[in-house]
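Below: one structure, written as structure tokens.
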Amino acid sequence: MLNCKLIRACAFTLLFGMSTLAQARISIEPFATVSSKKEIKPNKAGKKTASGGAASETEVVKQRTTYGVRGSLGFFSLMKLQAGIGTNELITTSKTSQAVDDYGEIDYQKDLDMDTSTPDKEVKLTETQRKGTAVLVIDPGFWIFILRAKAGVVATQREMTKEVVGEPAVKFVSPITYKPTLGGGAGIKLSSSTFFMAEYSLFLYKFPKKAPFEREVTVSFGVSL
């Protein structure tokens, strides 16, 4: 009798698990992300602002646009496990004396063989970032509207190419780094199986410090299968 009850309980558990998996929904979302990083650079002595006053620092904002695709596996209509890949490219030109890695991870003199003995010499830097994300997403829906909260990890590999006139190009590929990310967003259901999302996220690349960080604005179009 006990064995029969145990068999029935196992069968019920298996059927319930299969039913739950059957209710799980898969979503595919092509996305575009614009990320920005603000830098504060000190000015040279005597430099004036546009208004004519003395300036001690200059605010510089760098932006990167990442394109990619991500997929989600959702359970119970609320929670999703989401993974995605994307890539972006940024080209900058500056004097060798002013060329500094945005994230403090790459030593240009050592890794890119940058000669700073001529500080006014121009250098062209091409950076390609390949990003992979794994996040836990909560997507409560209200009628045709969707709210989103998420937290997870971003894996980033960076490829840098240095070009200086009269010198051979130098390429450096960084190790993969892992940093936490969190954010939220809102969207609208276009139909029972399609939706549009807009999200705001923080990329905490100096964790556990809260700052500095990179801000990201993402738009995506999703299809649920």
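Quick note: the coordinates plus some simple rules give every number you see, no bench work behind them. Note that the structure is a prediction, hence the values are computed from the model and not measured. Cβ sites come from the backbone with ideal geometry, for glycine too, and all protein chains shown count toward neighbours.
Test residue 114 against the stated conditions and say whether it is surrounded by 17 or more Cβ atoms within 10 Å (Cβ to Cβ), hydrophobic (A, V, I, L, M, F, W, C) and assigned to a loop (DSSP other than H, G, I, E, B). Answer is yes for this residue.
Return the only residue of 102, 120, 111 being in contact (Cβ under 8 Å) with a residue 40 or more places away in the chain and touching a Lys or Arg at 6+ places or on another chain (Cβ under 7 Å). Only one candidate qualifies: 102. Scanning the stretch 117-153 for residues that are more than 27 Å from residue 177 (Cα to Cα), surrounded by 15 or more Cβ atoms within 10 Å (Cβ to Cβ) and in contact with a Leu (Cβ under 9 Å, 6 or more places away or on another chain) turns up just one, 139. Within the option set 139, 120, being among the charged types (D, E, K, R) and within 24 Å of residue 202 (Cβ to Cβ) holds for one residue only, 139.
Scanning the stretch 61-99 for residues that are of a type in the set (A, V, I, L, M), in contact (Cβ under 8 Å) with a residue 40 or more places away in the chain and in a strand (DSSP E or B) turns up 69, 73, 79, 81, 83, 85. Every listed requirement among (1) surrounded by 15 or more Cβ atoms within 10 Å (Cβ to Cβ); (2) among the aliphatic types (A, V, I, L, M); (3) farther than 28 Å from residue 217 by Cα is met by residue 165 save one, (1).
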